[in-house]
Protein chains: 2
Amino acid sequence: MLDVCLLGTGGMLPLPDRYLTALLTRFNGNKLLIDCGEGTQVTMKLLGWGYKTIDVICITHYHGDHITGLPGLLLTIGNAGREEPLTIIGPPGLKRVVEGLTVICRDIPFEIKLMELPLQNNSLQIGDFFISAFPVQHKVPCFGYVVEIKRSPKFLPDKAVINNVPKETWRYLQKGETVEMDGVKYTPDMVLGEFRKGIKVGYVTDARPSKTIVDAVANSDLFICEAMYMEIDFLEQVKKYQHMLGVEAAQMAKEANVSELWLTHFSPAVTTFNTACVTDIFKDSYLGEDRKVCTLTYDG
Amino acid sequence: MLDVCLLGTGGMLPLPDRYLTALLTRFNGNKLLIDCGEGTQVTMKLLGWGYKTIDVICITHYHGDHITGLPGLLLTIGNAGREEPLTIIGPPGLKRVVEGLTVICRDIPFEIKLMELPLQNNSLQIGDFFISAFPVQHKVPCFGYVVEIKRSPKFLPDKAVINNVPKETWRYLQKGETVEMDGVKYTPDMVLGEFRKGIKVGYVTDARPSKTIVDAVANSDLFICEAMYMEIDFLEQVKKYQHMLGVEAAQMAKEANVSELWLTHFSPAVTTFNTACVTDIFKDSYLGEDRKVCTLTYDG
């Protein structure tokens, strides 16, 4: 079960009634946050999931609306009593940016591990979170992220027996380990069923559409994507600033065969939304809302 | 006429219903801001005085709740179209802190002038604002500020005539300049009336009480002072963290003979306030409120 909360839906600058776009996910009590603009800690306070167990913060890029809340959040996480290391992931420049922003963060009582990733496809695992960071086209180096929770194949005792696998090895094989015993090698596939799809969430902002994104978010349970404006009328404007339209996000959602699309990172100028043009392209498109929450479960 | 707005009343961290403590003053269309925590630009948006004409930002000290909003605000001021230089004033460390925090502020379209002042009594003038920065006792180097709008003495043409001051010199003397003409020196006091009190606002947070503060804010029209808690019961706690009680602020307000005291920088833990203990000491004490506004005028 992966809990997902879209903490805000704004782009460019925080508004009194719209927090900046950021995503919080929670699995087995551990949390992963993507982006941290000014006020992200405040919408998190309203959400009430707590601060102490934020283990990973992924930053898409270093525009103010995606990162200026970082020093304040780190201080608040520290005040919440965290002592375990916290990992921050981001595109090239991370070290310089975090060192700059945390100039006022004395006495943070936990270690900050920086993972400055190259601007290419990256895959890594932190705790239960399998994270993919992939480059997207924006005015500055920028990542889209996919967060996955893997699902182990079913353990099949009958299959183990048929394959003459000694009972002592089952618990290791079940975890995906290979075991050698009395000169015989036992592999997980001798006791496990077929591959089972896990839970997959894609998050893309700020970016122009691309095949890289479609490939990365393919078959996601939830795809959260920026939509600075909805309609095609604003194409020139989003091209100029390297942003995306709702209709473009919907087209990618369709091509990527995702289950559901949430739109976010709205222009501060937009207060009413034409969603028909988006759902015409991809039916399961929804406007994001501050603190829109869902719980994703394994299929079947 | 000096407009004053207490932008927020929180301390430590921003809350959904309480912005962090900061002060905005406006005189003749120019603005001076003191402190800039996370969300200060949002409460300013609610206030509606605009961003473009912020000429001076004074920082009391470099704890997160007083400065982490700076990079976002600078970007927003830039987006509002400011091109004129903006001055930032603060205690030692200013350059390092601002350079760090603005690591993500590319392309700010105005010059930032940094005035890193020594930890002593400082007086300076920027436009119509006469600013005093004075050291206060906190866990890190910290300034209290006084902002004054001076009032010129009245011009007295009868006095000028009696003193045989040539008419050609009047406009210069009126502005406070000294003029020499045909070997005779003419001074402002030959044409001007008595000293007239201007407008004076004091702002102190975070600090323990001190004589320096009382002297600095003496006879202020408005004294805005921190009150982490109100009652004497919390004395040990505020001493430990170098903060102040409402009753201590009231005692200073009384000694300093200020006209009015506004309390602010409340602990996030406090939601109901015992104001009686404060008004018992100084009658004209008021709880601050987010965006509490007043307009101060010259006496008489």
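If R0 is 30 Å, what FRET efficiency do you get for B:N30 and B:N121 from their C-beta distance, rounded to 0.05?
Working: r = 24 Å, r/R0 = 0.80.
The calculated FRET efficiency here is 0.80.
Whole-Hz ³J(HN,Hα) for each residue in the stretch A:113-120, computed from phi via Karplus 6.51 cos²θ - 1.76 cosθ + 1.60 with θ = phi - 60°, x for glycine and proline: what do you get?
Per residue, the Karplus-derived 3J(HN,Hα) values read 9, 9, 10, 7, 9, x, 7, 7 Hz.
Sort B:K159, B:K139 by heavy-atom solvent-accessible area, probe 1.4 angstrom, most to least. Don't skip to the answer; put the middle values down first.
Working: B:K159 70, B:K139 120 Å².
From most exposed to least exposed: B:K139, B:K159.
Counting other Cβ atoms within 10 Å, which GluC sites (Glu not before Pro) in the stretch B:177-263 have at most 11 and lie in a DSSP loop? List each step's numbers first, then the result.
On the way: sites: B:E177, B:E180, B:E194, B:E226, B:E231, B:E236, B:E248, B:E255, B:E260; in loops: B:E177, B:E194, B:E231, B:E260.
Taking the stretch B:177-263 and a limit of 11 other Cβ atoms within 10 Å, the loop GluC sites (Glu not before Pro) found are B:E194.
Give the lysines reachable from A:K292 as a straight Cα distance under 23 Å; neighbours fewer than 8 places away on the same chain don't count.
A:K31, A:K45, A:K52, A:K200, A:K254, A:K283
With the convex hull built on the Cα atoms of the stretch B:178-251, state its orientation-averaged projected area in nm². Mind dumping the intermediate values first?
On the way: hull surface 28.5 nm².
Over every viewing direction, the Cα hull of the stretch B:178-251 projects on average to 7.1 nm².
What list of ³J(HN,Hα) values in whole Hz, one per residue of the stretch B:248-257 in order, does the Karplus curve 6.51 cos²θ - 1.76 cosθ + 1.60 (θ = phi - 60°) give from phi, with Gly and Pro shown as x?
Taking θ as phi minus 60°, the curve returns 6, 4, 5, 4, 5, 4, 5, 5, 8, 6 Hz for the stretch B:248-257.
Using only alpha carbon positions, build the gyration tensor of the stretch A:175-300, then give the equivalent ellipsoid semi-axes as the square roots of 5 times its eigenvalues, largest first, whole angstrom. All intermediate terms of the calculation are to be shown ahead of the outcome.
Values: eigenvalues 319, 43, 29 Å².
Ellipsoid half-lengths, sorted descending, are 40, 15, 12 Å.
Taking springs between alpha-carbon atoms closer than 10 angstrom, which of B:A160, B:A207, B:A133 fluctuates most in the Gaussian network model of chain B?
B:A160
If you count only protein heavy atoms and use a 1.4 Å probe, how large is the accessible surface of A:K240, to the nearest 10 Å²?
Ignoring ligands and nucleic acids, A:K240 comes out at about 130 Å².
Residues of B:58-69, mean number of Cβ from any other protein chain within 10 Å of their own Cβ, rounded to a whole number? List each step's numbers first, then the result.
Values: counts 0, 0, 0, 1, 3, 4, 10, 3, 1, 4, 12, 6.
Per residue, the number of nearby Cβ atoms from other chains is 4 on average.
Under 5 Å between amide hydrogens, which residues at least 5 positions from B:G8 or on another chain qualify, with H placed 1.01 Å from N in the peptide plane?
Placed amide hydrogens put B:A22, B:R291 under 5 Å from B:G8.
Through the Karplus equation 6.51 cos²θ - 1.76 cosθ + 1.60, θ set to phi - 60°, convert the phi angles of the stretch B:258-269 into ³J(HN,Hα) values in whole Hz; use x for Gly and Pro.
7, 7, 8, 10, 10, 9, 7, 6, 6, 4, x, 6
Report, by chain and number, residues whose modeled amide H sits under 5 Å from the one on A:V165, excluding near sequence neighbours (fewer than 5 apart, same chain).
none
Send over the semi-axes of the protein assembly as shown's equivalent ellipsoid, whole angstrom and largest first, taken as the square roots of 5 times the C-alpha gyration tensor eigenvalues. Could you put the intermediate results ahead of the total?
Numbers: eigenvalues 667, 151, 76 Å².
For the protein assembly as shown, the semi-axes come out at 58, 27, 20 Å.
Any idea what the relative contact order of chain A is, in percent, if you count C-alpha pairs under 8 Å spaced at least 6 apart?
On the way: 689 pairs, mean separation 52.9, N = 300.
18 percent.
Averaged across A:37-48, how many Cβ atoms of other chains sit within 10 Å of each residue's Cβ atom?
Details: counts 2, 14, 8, 1, 6, 10, 1, 1, 6, 3, 0, 0.
Averaged over the peptide's residues, the number is 4.
Test of understanding: express the Cα radius of gyration of the stretch B:42-87 as a ratio to 2.2 N^0.38 Å, with N the residue count.
Numbers: Rg = 10.9 Å, N = 46, 2.2 N^0.38 = 9.4 Å.
Against the compact-globule rule of thumb, the ratio is 1.16.
Which whole number in µm²/s is D for the stretch A:13-108 by Stokes-Einstein, with the Kirkwood Rh taken over Cα pairs at 25 °C and 0.890 mPa s?
Numbers: Rh = 13.4 Å.
Reported coefficient: 183 µm²/s.
Could you work out [θ]222 nm for chain A from helices alone, using -39500 (n - 2.57) per DSSP H run of at least four and dividing by all its residues? Round to the nearest 500 deg cm²/dmol.
Details: 10 runs with 72 residues, N = 300.
Helix-only estimate at 222 nm: -6000 deg cm²/dmol.
I'd like the distance separating the alpha-carbon centroids of the stretch A:119-133 and the stretch B:117-162, in whole Å.
Computed from Cα coordinates, the inter-centre distance equals 56 Å.
The values are calculated or read from the model by the stated rules, or taken from the named source; none is laboratory data. Model, not experiment: these values are computed from the prediction. Cβ: placed from backbone, ideal geometry, glycine included. Neighbour counts: every protein chain shown. Keep in mind that these areas ignore ligands, DNA and RNA; they rest on the heavy atoms of the full protein, side chains included. Shrake-Rupley method; radii C 1.70, N 1.55, O 1.52, S 1.80 Å.
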